[in-house]
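Visitor: Sharing a structure with you now.
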Amino acid sequence: MDNPKILITFALCFCLLVLASASSSSNYVGNENNNYPPLKNRKIISPNHHSTHKLLTKESYVVIFDAGSTGSRVHVYRFNQQLDLLHIGNDLELFVKTKPGLSAYAEDPEAAAESLVPLLEEAENVVPQELHPKTPLKVGATAGLRQLKGDASERILEAVREMLNNRSTLKVEADAVTVLSGNQEGAYQWVTINYLLGNLGKHYSKTVAVVDLGGGSVQMAYAVSEEDAANAPNAPEGVESYITQMYLKGIKYYLYVHSYLRYGLLAARAEVLKVSQSSENPCILAGFDGYYTYGGVEYKAQGSESGASFSKCRNAVRKALKVNETCDYESCTFGGIWSGGGGAGENNFFVASFFYEVADEAGFVDPDAASAKVRPSDFAKAAKIACETEYKDAKSTFPRFKDADTPYMCLDLVYQYTLLVDGFGIKPSEEITLVKQIMYEDSLVEAAWPLGSAIEAVSSLPKFEKLMYFI
């Protein structure tokens, strides 16, 4: 055995025999106290295997564009496989916005598409390059585009599709750019708020009701019992079904959802101005004489010499809301629309978007707070002061109101009070939550429908269980 080659060969054979013996005597890897599964039941992959990154990537990004009536926004979310939000830098989402909205480009679809490019670039910068091809991108247009005449809406959507196909490296499916139905918008908003509050997966009675006041439309959504859903009336012709079924974190929910087009705050101003029988409107501040433009149409907005009137403005708003419209059901909201019947899912109201903005302008919530507990009567109290204020004194009385909103501050506050009380049947003294952001773990997240849309999008990815879907 003096030959070195023979010695090396012998040593190698001995090592192989020892390794084979160790492998056959134990099916476990690690020390005697571990509980790892047997080797024969585990998939062993070389560190250089091309699938290693897939195994290590336990997260997914989603990019959602909210093309609203007042502006466009992009939200980027990052989820783990349990559908929990993960940080993107210091925050739990990227949120960037721009003005005006797509509907402002009705005559120039290409300019509409170009307005989204800066938002797209921001979104693509935070998504890891290697995940771009697997990251869903969706564009949801809301009431602003729903109200455009002719083919203007579709021309804008087509221009956006073409821009994304040419410029984006993210995953853009054929149906990625759409006008959301009112029910989709309402359902997604309900999902967003209840997700951030940690209510999904719980009994429907533990969820909250949501009213979302946009610029062009207002949505109401809350969960009802299976029995109440089964007894829901058929919606009138041309109206979306009152009940939407959703499967969320192991629970089937029955949502009452309805969207009221033309009753978002900006659209409602036009509706209220239209019902006035004279050039002077009881909702416009004394001393203002001008025009309000919405949807390309001008409406005379002139204050009365005697001043605006809370009670007369309230009558005008009730008329615009069609509160006394014939109701074919046991209970209605306004315009003859079924209310959903109430129940445990409607016991706790979260109201969002313009509700918070107007309350901020009126000065009865902290502008730096993410949410606030208020009562509808707070809107009425502020409205009475606003309606007694002359236009020339408005900025000193309500310094937070934007210049463009100042002539309509009586109208806006009366409208929101009347919508909550006469429209949705909330008692003036009932406590509700105004919300613009919700604390999730250690960060604030926008309380907006895109998160609900993102949850649906990520749930449809192959590596995720079907944690959410519409039925």
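Visitor: Nearest-5 percent of antiparallel DSSP beta bridges in segment 57-180?
Guide: 65 percent
Visitor: Determine, for each peptide in 190-198, 309-317, 394-402, 296-304, the mean count of other beta carbons within 10 angstrom over its residues, then list the peptides with the highest first.
Guide: Ranked by mean Cβ neighbours within 10 Å, highest first: 190-198, 309-317, 296-304, 394-402.
Visitor: What do you get for Rg/Rh over segment 57-180 if you use C-alpha atoms and the Kirkwood form of Rh?
Guide: Value, to two decimals: 0.98.
Visitor: Sticking with this structure for a sec: Work out, step by step, the length gained on full extension between Glu114 and Phe364: first 0.36 nm times the residue separation, then minus their alpha carbon distance; give nm to one decimal.
Guide: Going from the current span to full extension adds 86.2 nm.
Visitor: Another question, then. Considering the options Val358, Ile426, Pro399, tell which one lies farthest towards the positive end of the dipole of segment 344-436, charges being +1 on Lys and Arg and -1 on Asp and Glu at the Cβ, about the Cα centre.
Guide: Farthest towards the positive end: Ile426.
Visitor: Check every DSSP H run in the chain and write down those whose alpha carbon atoms cover 15 angstrom or more along the long axis and whose mean Kyte-Doolittle hydropathy is 0.5 or greater.
Guide: Those that pass (Cα extent of 15 Å or more, hydropathy at least 0.5) are 4-25, 265-275.
Visitor: Let me ask something else. State the antiparallel share, in %, of DSSP beta bridges confined to segment 350-471, rounding to the nearest 5.
Guide: About 75 percent, rounded to the nearest 5.
Visitor: Could you rank the peptides 318-324, 282-288, 176-182 by their average count of other C-beta atoms within 10 Å per residue, with the highest value first?
Guide: Descending mean neighbour count gives 282-288, 176-182, 318-324.
Visitor: Could you please rank Ile156, Ile88, placing first whichever residue has the fewest other Cβ atoms within 10 Å of its Cβ?
Guide: Ile88, Ile156
Visitor: Using the reciprocal of the averaged 1/r over all distinct C-alpha pairs, how large is the Kirkwood radius of the chain in Å?
Guide: Taking the inverse mean of 1/r over all distinct Cα pairs, the chain comes out at 25.0 Å.
Visitor: What pairs from Lys274/Lys395; Lys274/Lys381; Lys206/Lys312; Lys319/Lys402; Lys202/Lys436; Lys402/Lys427 go past 31 Å between their alpha carbons?
Guide: The answer is Lys206/Lys312.
Visitor: Another question, if that's okay. Sorting check: for 347-356, 113-122, which peptide has the highest mean count of neighbouring beta carbons within 10 Å, and how do the rest follow?
Guide: 347-356, 113-122
Visitor: If we count other beta carbons within 10 Å of each Cβ, what is the order of Asp405, Asp289, fewest first?
Guide: Asp289, Asp405
Visitor: So in the chain, what percent of DSSP beta bridges are antiparallel if you round to the nearest 5?
Guide: DSSP beta bridges in the chain are roughly 75 percent antiparallel.
Visitor: Turning to a different aspect of this structure: Through the Karplus equation 6.51 cos²θ - 1.76 cosθ + 1.60, θ set to phi - 60°, convert the phi angles of segment 229-239 into ³J(HN,Hα) values in whole Hz; use x for Gly and Pro.
Guide: Those phi angles translate into 5, 5, 9, 5, x, 6, 6, x, 4, x, 10 Hz.
Every number here is computed from the coordinates shown, using simple stated rules; none is lab data. Source: prediction; values computed, not measured. Note: ideal-geometry Cβ built from the backbone for every residue, glycine included; neighbour counts use all protein chains shown.
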